[in-house]
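No lab work stands behind these numbers, since they all come straight from the coordinates. Quantities reported herein were computed from a predicted structural model and do not represent experimental measurements. Cβ placement follows ideal geometry from the backbone for every residue including glycine, while neighbour counts extend to all protein chains displayed.
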Amino acid sequence: MPYSARILDNALGAVGNTPLIRLDKIAAQEGLQCNLLGKVEYTSAGGSVKDRIAKRMVEEAEKEGRLIPGQTTIIEPTSGNTDKGYSVIITLPNKMSLEKEAALRALGAEVVRTPTEAAWDSPESHIGVAKRLRDEIPGAVILDQYGNINNPLAHEYTTGPEIIEAVTNTPSTAEQPSSGKVDVLIAGAGTGGTVSGLSRAIKKSHNPDSVIIGVDPKGSILAVPESLNTPDAGSPYIVEGIGYDFVPEVLAREVVDVWLKTSDEESFEAVKKLMRLEGLLVGGSSGSALSGALRWLHSDEGKHVAQKKGANVVVLLPDGIRNYMSKPWFLKMALEAEPSPLANRIATILQKAPSKGPEQERS
C-alpha cells in the first residue's frame, strides 16, 4: 500500500516512495522519441535522495548496537543533505548553502563549517574535523556515508526497485509506448552510493543490458577513465552534492557503463528547463544529471535510444531548490532573466495613465 493511503507512525515513514514523472515537454523540445523520465527525490520527507541512506545507516547501526539513544552522538561529514532521536553534529564545507545549515539547525543538529579548499584528507576538511570530534566526544559515532555499505544498499533495495516497479507497472499503449524495462539510467555521483546501488538493482534482477551513466562535475575526479578528469582536476565548481577530490569506498566505478563530465553552466541551464518546462523545482545536481542525459542522447552512442519509441530513459533528480534559494546562480535565473513578452506587455500597460471609470467621469 502506498504510504499516502495510510497513517504513518512518523516522518521516517515518508522517506522514499518518490514519483517517476514523464519529462515530455523537455523530450519534445529536444526532439526525443524515447520516454524521458525523472525520479523526483525532493518529495521525500527530508527533501533529498540522501534521506534514504541516512535512514538505513541509522537503522542498521541500531540493529548492530552501535547507537544508544540518550548516549550516542552521531557525527557525519556531508554536503548537507544527510542526517531519529540522537544528538547530531554535521561538518559542512563552507561552499554548501546557508539553507542547508539552517534546515539542519532547525532539526536540532549542530553544524560545523570547514574550509571548502581543504583536501579531503586534511585535518581541516569536513572529514578531518568529523574524525577529530569523534575522538574527543564520548559515545560519538561516524556512520560514514563514504564507506558504509548501507549507502548503496539503500538504493539497491529501495530507489532501484521503485523505479523498476513504476516502469513495469505502466502499460505500453499506442500513445505512450514502453519497452517495459529501464533501458538507460543517469545519475550524478557524489559518494557514489546512488549510482552504484541503482546499477546493481537494475542489472542484477531487471535488465542486465541497461546502460548506466554516471555524471561527474568538471573539477571532480570520480569519472573513468582518468583522462576525463585531467583537464579540470581540482578546479572549483559551484554545483553541490556531487563530485569529490577522492574516490569514496562505496563508489563502484566498474558498474557504471558511461561517465560524463558536466559544467556548472550546462547544469544550471538544465535546471531552468526542468523548472520552466516541467514545473519541477530541483537543485543544481538534478540539472547536472539532466544535462548529462541530454548530451548522451544526442551523441552517436545514444541517439539510437533517443529515437526509439518506448525506450525508457530514467534521470535521477536528487533534491529540490529549497536548499539553494539564496545562491547567486538561482537568483540570477529567477530574478534577472530577460523579460518575457507578457512582462513587457504588463510594463506597457502600467506605464499608461489609468483610464477613468464611469463613476469618475460623472463626478
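Of Ala61, Thr116, His126, which is farthest towards the positive pole of segment 50-142's charge dipole, taken about the Cα centre with +1 and -1 on the beta-carbons of Lys, Arg and Asp, Glu respectively? Sorting the options by dipole projection puts first Ala61.
Measuring between alpha carbons in the structure, the pairs from Lys131/Lys204; Lys55/Lys327; Lys50/Lys95; Lys273/Lys303 lying more than 30 angstrom apart are Lys131/Lys204.
With q set to 0.16 Å⁻¹, the log10 of I(q)/I(0) for segment 206-268, from the Debye formula over equal scatterers at the Cα positions, is -0.51. Backbone phi angles across segment 254-271, fed through the Karplus curve with coefficients 6.51, -1.76 and 1.60 (θ = phi - 60°), yield HN-Hα couplings of 6, 8, 9, 7, 9, 10, 10, 9, 10, 9, 4, 4, 6, 5, 6, 5, 5, 4 Hz in residue order; Gly and Pro are listed as x.
Roughly how far apart, in whole Å, are the Cα centres of segment 73-142 and segment 175-210? Here the two parts' Cα centres lie 31 Å apart. Considering only Ala233, Ala187, Ser87, the residue lying farthest towards the positive end of the dipole of the chain is Ala187, judged by Cα position with unit charges set on Cβ.
Here the Kirkwood formula, the inverse mean of 1/r across different C-alpha pairs, assigns the chain a hydrodynamic radius of 21.8 Å. Karplus-based coupling profile of segment 288-294, in residue order and whole Hz: 4, 5, 5, 5, x, 4, 5, with θ = phi - 60° in 6.51 cos²θ - 1.76 cosθ + 1.60 and x standing for Gly or Pro.
Taking amide H atoms as placed 1.01 Å from N in the peptide plane, the amide H of Thr114 lies under 5 Å from those of Leu92, Asn94, each 5 or more residues away in sequence or on another chain.
The trypsin sites (Lys or Arg not before Pro) of segment 266-344 that meet both conditions, a loop assignment by DSSP and at most 15 other Cβ atoms within 10 Å of the site Cβ, are Lys309.
Using the Karplus relation 6.51 cos²θ - 1.76 cosθ + 1.60 with θ = phi - 60°, the per-residue 3J(HN,Hα) values for segment 166-176 come to 4, 5, 6, 8, 9, x, 7, 10, 4, 6, 10 Hz, with x marking Gly and Pro. Simple point charges give the picture: +1 on the Cβ of Lys and Arg, -1 on the Cβ of Asp and Glu, and for the chain a dipole about the Cα centre of about 980 debye. For Ile21, the amide hydrogen comes within under 5 Å of the amide hydrogens of Gly38, Lys39, Val40, counting only partners 5 or more places away or on other chains and with H modelled in the peptide plane.
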